[in-house]
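> Could you have a look at this structure, given as C-alpha cells, before my questions?
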C-alpha cells in the first residue's frame, strides 16, 4: 500500500502530516536538522522546505519531471527547489528518497522504469550510429534504410510507453488513497 507523503498546497509540495509519522521524514523536519545561517534555531525550516521540493520533484510520480532520466531529473529538481547545482544530498535526505521510492514501488512501476531505461539506451545507440562506418570489405555497417525502419517502429513503442505511464500513474493514485483496513475494489462487505 502506498502512503501519501506529499500534499500540494498553494501550488507548493508540502510533506504530509502522515509522512511526519515516518522517522526519516520526522528527522528532515526537526529543528536540529534545519539550523543554518538565516535560521539559526531551525524554526523556519527553510532547509526542510527546499529539500521537500527536491524530494517531490525528484521522487514523486506526480512531478512534471517524473519521466526524465535521473541525471536530468536531479538537475531540474535542484532548480525547482532553489538549491545550488552542487548541493550535496545528505544521508537524511537520501533516507527520505529511499522511503519514497519504496512506497511507490510496484511491479508495474518497475516494468515502466525498465521500459524507459531500455528506450533511452536505444535512443543513445541511434544517436551514436556512424553511417560512414564500413566493414573490412567496404560495406556499410549501418545501413540508413535499416536504421530508419527501426526508428519508425519507435513511434509504436513510445505510444505503448505512454499508455503504460498513464496506467502506472493511475495505479499509484489509486493505491495512495487506500487507507486503514480498506482494500481496493471492496466496500467492506464480506
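No lab work stands behind these numbers, since they all come straight from the coordinates. Everything numeric here is computed off the predicted structure, so don't read it as measured data. As a convention, Cβ positions derive from the backbone with ideal geometry for all residues, glycine included, and neighbour counts pool all protein chains shown.
> Specify the inter-centroid distance of the range 103-125 and the range 44-64, based on alpha-carbon positions, in whole Å.
23 Å
> Still on this model: Out of these labelled values of mean projected area of the Cα convex hull in nm², (i) 11.5; (ii) 10.3; (iii) 16.0, which was calculated from the coordinates shown here?
Derived directly from the coordinates: (iii).
> How far apart, in nm, are two points set 7 Å out from the Cα along the Cα-to-Cβ line at residue 108 and at residue 133?
3.9 nm
> Further question: If I fit a long axis through the Cα atoms of helix 46-59 and take the longest principal axis of the Cα atoms of the chain, what angle between them do I get, 0 to 90°, rounded to 10?
The angle comes out at about 40 degrees.
> Helix 91-104 against the longest principal axis of the chain: what's the angle in degrees, Cα atoms only, rounded to the nearest 10?
In the chain, helix 91-104 runs at an angle near 70 degrees to the longest axis.
> Taking the chain as a Gaussian network, Cα atoms linked when under 10 Å apart, which of 173, 69, 121 shows the biggest mean-square fluctuation?
Evaluated over the chain, the most mobile residue of the options is 121.
> Now for a separate question. Name the residue, out of 98, 60, 127, whose mean-square fluctuation peaks in a Gaussian network model built on the chain with Cα pairs under 10 Å.
127
> Still on this structure, please answer the following. With r as the distance between the Cβ atoms of residue 75 and residue 145 and R0 = 45 Å, compute the FRET efficiency 1/(1 + (r/R0)^6) and round to 0.05.
Working: r = 37 Å, r/R0 = 0.82.
Efficiency, rounded to the nearest 0.05: 0.75.
> If neighbour count is taken as other Cβ atoms inside 10 Å, put 59, 96 in order from fewest to most.
Working: 59 21, 96 24.
Ascending number of Cβ neighbours within 10 Å: 59, 96.
> Which three semi-axes in whole Å describe the equivalent ellipsoid of the range 6-104, each the square root of 5 times a Cα gyration tensor eigenvalue, listed largest first?
Details: eigenvalues 81, 50, 32 Å².
Three semi-axes, in Å: 20, 16, 13.
> On full extension of the chain, what length is gained from residue 62 through residue 37, given 0.36 nm per residue of separation minus the C-alpha to C-alpha distance? Mind showing how you got there, number by number?
On the way: separation 25, 0.36 × 25 = 9.00 nm, distance 3.18 nm.
Stretched fully, the residue 62-residue 37 segment lengthens by 5.8 nm.
> If one takes the longest principal axis of the Cα atoms in the chain, at what angle in degrees, from 0 to 90 and to the nearest 10, does the Cα axis of helix 144-176 lie?
Result, in degrees: 20.
> Same structure again: R0 = 22 Å: FRET efficiency of residue 89 with residue 120, Cβ-based, nearest 0.05? Each step should come with its number before you reach the end.
Values: r = 22 Å, r/R0 = 1.02.
Rounded to the nearest 0.05, the efficiency is 0.50.
> Shifting gears a bit: Mean-square fluctuation check for the chain, GNM, Cα pairs under 10 Å: which of 35, 169, 88 is largest?
Top of the fluctuation ranking is 88.
> Shifting gears a bit: Kindly provide the helix-only [θ] at 222 nm of the chain, computed as the sum of -39,500 (n - 2.57) over DSSP H runs of four or more divided by all residues, to the nearest 500 deg cm²/dmol?
Numbers: 7 runs with 105 residues, N = 190.
It comes out at -18000 deg cm²/dmol, rounded to the nearest 500.
> Ranked by Cβ crowding within 10 angstrom, fewest neighbours first, how are 14, 110, 53 ordered? List each step's numbers first, then the result.
Working: 14 16, 110 11, 53 22.
Lowest count first: 110, 14, 53.
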